[in-house]
Amino acid sequence: MAEEGAVSGPIALAPPPALDTRWAVDFDTATLPEERSDVLVVGSGIAGLTAALHAARLGSVTLVTKSEVTDANTWYAQGGIAGAVGEADSVDLHLADTLVVGQGLCDPDVVRAVVSEAADALAELEALGVRFDRAAGGAIALAREGGHSLPRVLHSGDATGAEVQDTLSAVVRRTRGIRLVEGAFVVDLLTDDGRCTGALVMDRGSHAMMALHADAVVLATGGSGQMYRVTTNPLVATGDGVAAAWRAGAEIADMEFVQFHPTALDSEASPKFLITEALRGEGAYLLDCDLDRFMPALHPLAELAPRDVVSREIEKVMHRCARPNVWLDARHLGAAFLASRFPTITEGCREAGYDLSRDLVPVAPAAHYLIGGVRTDLDGRTSLPGLYAAGECAASGLHGANRLASNSLLEGLVFSRRIVRALESKRVRVRTGHAAGTGPAAGSADPHATRAALQVTMSRHAAVTCSAVGLLGAAEGIDALASGLGGRGPHAIETRNLLVNAWLCVVAAAAREESRGTHFRLDFPERDDVRWRGHIVCERGAEPRFAPVTAEETIPHADEERR
């Protein structure tokens with residue numbers, strides 16, 4: 001087992017000077033409006049909304065969201081929420097499936113805690129008004145998705161995320177003690193004497209800033225899918241929380257693990273329209289350019305193999321066939337079933353010109369989920385006192401090197417509840433202090449052009465597969481883009497945040513000289529448990545370090561997956 005210490009890769013570990021700054025903008029809280037609450041929650045997906053609702057029983061809550069409260073990655077989640085609630089299922093089976101897909105990097109204690117709390121958390125969602133589909137007789141209808149050994153995914157048609165998002169948003173709006181601030185995003189985290197004491201936020205319309213102070217700050221800002229050209233993430237997914245936490249000195253981990261969803265509709269839309277793997281769980285096939293199925297010969301779970309496996313195989317087929325897509329075939333499932341079980345997908349395909357019951361649908365991998373993020377413990381605490389993180393912006397130890405399908409909504413739900421329980425047992429009152437800072441010098445490059453160039457760079461060099469040569473090119477490109485970035489408005493700050501996320505991703509990917517889960521190195525195609533069973537942790541002002549997994553529980557290798 002490798003020992004904890006510095007890691008090195010084929011690129012310089014020092015971040016570009018234009019990104020290595022404590023603050024994103026110039027500010028002085030003495031000149032800004034200031035407000036105070038007991039808990040500040042940043043983000044309005046399932047993690048943020050759940051945290052705000054539970055924290056409201058502790059005192060005053062401010063919930064900040066960069067767009068409308070309903071505009072979050074949660075809303076786009078089609079598949080559902082995993083939970084061992086079926087008669088044939090168990091916590092141990094859910095844990096085992098998660099560990100297999102996580103490829104040796106899951107924290108078993110975290111996994112057990114999350115899957116054990118799933119039933120109670122899901123029951124709470126139902127009590128709040130979320131309507132999950134029911135089978136004949138009234139039992140919860142369960143679907144099977146990639147990596148699961150049996151059906152355990154609760155769903156609301158094929159728009160589970162929208163059902164959860166709309167329900168929780170409505171409850172938040174009518175809950176006393178929660179102040180909702182829409183159209184504002186976190187610029188930086190405020191700190192005093194090594195503790196997070198609040199956040200600097202900016203109104204997206206007026207560009208006016210304000211300082212929001214709190215005893216505890218919960219980051220639930222989602223992922224950074226917009227650093228890729230082809231993504232299922234909405235435009236708001238710019239990694240703001242991860243970047244702000246890194247600037248404030250919090251530990252960031254596992255950024256080399258970015259999950260690509262295998263089946264996004266190959267169209268001109270942005271974000272790409274996601275076609276849930278629940279459709280493959282119901283029997284849809286993937287076909288190559290000769291209209292032959294290719295997954296059965298490559299993996300015992302065929303089209304329901306883990307997402308990293310399916311994405312890489314699709315990429316190989318696309319290269320072999322010289323096509324930008326493969327084909328998804330659901331025609332044999334029938335028009336009536338498809339319209340009833342998958343109404344959102346049926347309509348989305350129709351709007352793009354495809355009849356799901358009659359046509360082959362072109363699909364291709366798209367950046368979907370950031371597995372890494374702000375490193376947390378079992379109760380969502382980060383390395384920066386006073387700062388907590390939940391959901392996609394966090395590296396909690398649940399997903400390891402590859403997220404098991406539909407575990408993401410469950411993670412946000414369970415961790416937000418755990419965070420508030422931790423706050424309930426130990427509250428630290430903080431004083432509001434003065435803060436001022438200077439941001440980086442601005443260049444002249446247009447932020448829109450910079451973002452577009454970054455997306456091309458990351459898609460070319462740090463996507464489904466990567467190599468030392470490509471990662472070096474990506475690092476050099478990020479350095480040049482960061483030094484030339486101009487502007488101080490919201491779009492410029494978001495673009496800077498994407499550059500920070502991209503740099504963290506590239507550095508970690510370059511350091512990890514093996515292939516594991518969603519991270520696949522063409523120049524190091526084998527998994528190496530002797531040297532690399534651990535996490536790459538980045539912290540501003542220090543070289544990235546390797547933190548080995550210490551759990552003694554036996555973790556199955558990919559070749560030993562349960563059949």
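Given R₀ = 25 Å, what would the calculated FRET efficiency be for residue 428 paired with residue 120, taking r from the Cβ atoms and rounding to 0.05? For R0 = 25 Å, the calculated efficiency reads 0.35. Beta bridges assigned by DSSP with both partners in the chain are antiparallel in approximately 65 percent of cases.
Once both labels are positioned 7 Å from their Cα atoms along Cα-to-Cβ, the gap between residue 182 and residue 235 label points is 1.6 nm.
Between residue 191 and 197, the built amide H atoms are under 5 Å apart, and every one of these is 5 or more places off in sequence or on another chain. Using θ = phi - 60° in the Karplus curve 6.51 cos²θ - 1.76 cosθ + 1.60, the 3J(HN,Hα) couplings for region 322-337 round to 6, 10, x, 7, 10, 10, 9, 10, 10, 4, 6, 7, x, 5, 5, 5 Hz; x is entered for Gly and Pro.
For region 535-551, the residues whose amide N sits under 13 Å from a probe point set 7 Å from the Cα of residue 109 along the beta carbon direction are 550-551. Packing around the peptides 49-61, 524-536, 205-217, taken as the average count of other Cβ atoms within 10 Å per residue, puts them in this order, highest first: 49-61, 205-217, 524-536. Inter-label distance, residue 131 to residue 476: 5.8 nm, where each label sits 7 Å from its Cα along the C-beta direction. Adding -39500 (n - 2.57) for every DSSP H run of four residues or longer, then dividing by how many residues the chain holds, sets the calculated 222 nm ellipticity at -10000 deg cm²/dmol. With a simple spin-label model that places each label point 7 Å from the Cα along the Cα-to-Cβ direction, the separation between residue 26 and residue 456 comes to 3.3 nm. Within straight cross-link reach of residue 66, meaning Cα distance under 15 Å, which aspartates and glutamates are found once same-chain residues fewer than 8 apart are removed? By straight Cα distance, residue 66 reaches 182, 188, 203, 240, 494.
Less than 24 Å apart at the alpha-carbon level, and either on another chain or at least 8 residues along: which lysines does that give for residue 426? Those lysines meeting the cut-off do not exist here.
Carbon and sulfur: what percent of region 333-433's accessible surface (1.4 Å probe)?
Details: 1620 of 3400 Å².
Ligands and nucleic acids excluded, carbon and sulfur reach 48 percent.
Scoring 514-520, 457-463 by mean Cβ neighbours within 10 Å over their residues and listing the highest first yields 514-520, 457-463.
Membrane-span-like helices in the chain, defined here as complete DSSP H runs extending at least 15 Å along the helix axis by their C-alpha atoms with mean Kyte-Doolittle hydropathy no lower than 1.0, are 91-101, 468-484; this is a sequence and geometry rule, not a statement about a membrane.
Please give the length that would be gained between residue 87 and residue 150 if that part of the chain were fully extended, namely 0.36 nm times their separation in residues minus their C-alpha to C-alpha distance (nm, one decimal). Walk me through the numbers before you get to the answer.
Details: separation 63, 0.36 × 63 = 22.68 nm, distance 1.11 nm.
Length difference between fully extended and current span is 21.6 nm.
One decimal place: the segment residue 523-residue 58 gains 162.2 nm when fully extended, by the rule 0.36 nm per residue minus the C-alpha distance. In plain terms, the chain from residue 192 to residue 208 could stretch by 3.5 nm, reckoned as 0.36 nm per residue minus the Cα-Cα distance. The aspartates and glutamates whose alpha-carbon is closer than 14 Å to the alpha-carbon of residue 272, local same-chain residues fewer than 8 away aside, are 351. Qualifying GluC sites (Glu not before Pro) in region 73-145, where qualification requires a DSSP coil assignment and no more than 10 other C-beta atoms within 10 Å, comprise 87. Assuming R0 = 41 Å, can you tell me the calculated FRET efficiency for the pair residue 351 and residue 302, based on Cβ-Cβ distance, to the nearest 0.05? Efficiency, rounded to the nearest 0.05: 0.90.
Looking at region 134-224, which trypsin sites (Lys or Arg not before Pro) are in a loop (DSSP not H, G, I, E or B) and have at most 14 other Cβ atoms within 10 Å?
Details: sites: 134, 144, 152, 173, 174, 176, 179, 195, 204; in loops: 144, 152, 174, 176, 204.
Here the sparse-neighbourhood loop sites are 174, 176.
The values are calculated or read from the model by the stated rules, or taken from the named source; none is laboratory data. Note that this is a predicted model, so its numbers are computed, not measured. So basically every Cβ, Gly included, is an ideal-geometry build from the backbone, and we count neighbours across all protein chains shown. Areas reflect the complete protein model, heavy atoms only, side chains present, ligands, DNA and RNA absent. Shrake-Rupley method; radii C 1.70, N 1.55, O 1.52, S 1.80 Å.
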